[in-house]
1. May I ask you to verify whether Trp32 is outside any helix (DSSP H, G or I) and surrounded by 14 or more Cβ atoms within 10 Å (Cβ to Cβ)?
2. Restricting to the stretch 108-135, name every residue that is β-branched (Val, Ile, Thr) and not in a helix (DSSP H, G or I).
3. Can you give me the number of residues within the stretch 145-204 that are of a type in the set (Ser, Thr, Tyr), farther than 18 Å from Ser108 by Cβ and modelled with pLDDT of 90 or more?
4. Can you list residue pairs whose Cβ atoms sit under 6 Å apart, with the first residue in the stretch 167-193 being under 30 Å from Ser38 (Cα atoms) and the second being part of a helix (DSSP H, G or I) and of a type in the set (Phe, Trp, Tyr)? Count only pairs 6 or more apart in sequence or on different chains.
5. Of the residues that make up the stretch 44-51, is at least one within 30 Å of Arg131 (Cβ to Cβ) and either open to solvent by 20 Å² or more (accessible area, probe 1.4 Å) or not hydrophobic (A, V, I, L, M, F, W, C) (or both)?
6. I'd like the residue in the stretch 125-135 that is buried (at least 17 other Cβ atoms within 10 Å of the Cβ) and touching a residue at least 40 places away in the same chain (Cβ under 8 Å) and, out of all such residues, is nearest to Ile45 (Cα to Cα).
7. So which residues in the stretch 55-88 are in contact (Cβ under 8 Å) with a residue 24 or more places away in the chain, assigned to a helix (DSSP H, G or I), within 17 Å of Gly44 (Cα to Cα) and open to solvent by less than 70 Å² (accessible area, probe 1.4 Å)?
Amino acid sequence: MHNGDESLADLLGGRRAALDSVVPVVGFAGGWLDGGRSIALGAGIAGLAGAAVAAWRLRQRRAPAATVVSLLLVCLGAIVALHTGRAEDFFLVRLLTNAASALAWAGSILVRWPFLGLIVGTVLGQKARWRRDPPLLRAYQAASWVWVGQYLVRLLIFVPLWWAGQVTWLATAQAVLTWPLVAGCLTASWWVLRRALPPEHPGLRNPVPAPSDAGVSGP
């Protein structure tokens, strides 16, 4: 594989997104504890923290769609916790999105449209050209299973804590594990990608169409 290819961390900016998602969680737990287990105070601080992070990222013109989705998840979590009166339910939306993500990533692999290929292909401006490169398609499929595993690990850690109502431990686990888990996923999936591609392959930026597609223009 071409040595000049960026890593997935370089392409996808995993550290920034991981750290942004932690700030509202820490704000919720801090407000909840300082307010004598006040869900309203925790939700308010989480919302303000999420809005501040979103405003900062939008000002930098970085991933506006992801920023808006992240803020929406914070708001939904706060609404659910206020509605149920259970502080641990602030994390329920995140648990459900992780379960849905694991299923969606697995489904994308099975239908041969692996999400990792879609994401990286979009970042690199390739549209769907990577799908006409059979080794690259197989590599994206193999590496996408690492992402499925990441979501399952999150569920294995967070679901028991949510079930037990351990709000402080939920916030601590998310704050401590988020970036290391994302970093591990990026590193492992990058390693799988590199191992799955033939040594002579020119790299992610240079999909090689199958011979039958070589003369066919595509999207």
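The values are calculated or read from the model by the stated rules, or taken from the named source; none is laboratory data. As the structure is a computational prediction, the values presented were derived from the model and not from experiment. A quick note on method: Cβ atoms are made from the backbone with ideal geometry, for glycine too, and the neighbour counts reach across all protein chains shown. These area figures cover heavy atoms from the full protein model, side chains too; ligands, DNA and RNA do not enter into them. Shrake-Rupley method; radii C 1.70, N 1.55, O 1.52, S 1.80 Å.
1. On the way: outside any helix (DSSP H, G or I): no; surrounded by 14 or more Cβ atoms within 10 Å (Cβ to Cβ): yes.
In short, no.
2. So in the stretch 108-135, the residues β-branched (Val, Ile, Thr) come out as 109, 111, 119-120, 122-123.
Val111 - this is the single residue of the stretch 108-135 that is β-branched (Val, Ile, Thr) and not in a helix (DSSP H, G or I).
3. Narrowing the stretch 145-204 to residues of a type in the set (Ser, Thr, Tyr): 151, 168, 172, 178, 187, 189.
Add one more test, that the residue is farther than 18 Å from Ser108 by Cβ, and what stays is 168, 172, 178, 187.
So of that shortlist, the ones also modelled with pLDDT of 90 or more come out as 168, 172, 187.
Going through the stretch 145-204 one residue at a time, the tally reaches 3.
4. Leu170/Phe91
5. Of the stretch 44-51, the ones within 30 Å of Arg131 (Cβ to Cβ) are none.
The answer is no; no qualifying residue exists.
6. Residues of the stretch 125-135 buried (at least 17 other Cβ atoms within 10 Å of the Cβ): 126, 129-133.
Filter once more, keeping what is touching a residue at least 40 places away in the same chain (Cβ under 8 Å): 126, 129-130, 132-133.
Working: Gln126: 41, Arg129: 44, Trp130: 43, Arg132: 48, Asp133: 48 Å.
If we take residues in the stretch 125-135 being buried (at least 17 other Cβ atoms within 10 Å of the Cβ) and touching a residue at least 40 places away in the same chain (Cβ under 8 Å), then Gln126 is nearest to Ile45 (Cα to Cα).
7. Ser70, Leu73, Val74, Cys75, Gly77, Ala78, Ala81, Ala87, Glu88, listed by residue number.
Conditions (1) open to solvent by 60 Å² or more (accessible area, probe 1.4 Å); (2) among the β-branched types (Val, Ile, Thr); (3) within 17 Å of Arg94 (Cβ to Cβ); (4) not in a loop (DSSP other than H, G, I, E, B), marked per residue:
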site: Leu137; (1), (2), (3), (4): no, no, no, yes
site: Ser144; (1), (2), (3), (4): no, no, no, yes
site: Gly149; (1), (2), (3), (4): no, no, no, yes
site: Thr168; (1), (2), (3), (4): yes, yes, yes, yes
site: Thr172; (1), (2), (3), (4): no, yes, yes, yes
site: Leu181; (1), (2), (3), (4): no, no, yes, yes
site: Cys185; (1), (2), (3), (4): no, no, yes, yes
site: Pro198; (1), (2), (3), (4): no, no, no, no
site: Val208; (1), (2), (3), (4): yes, yes, no, no
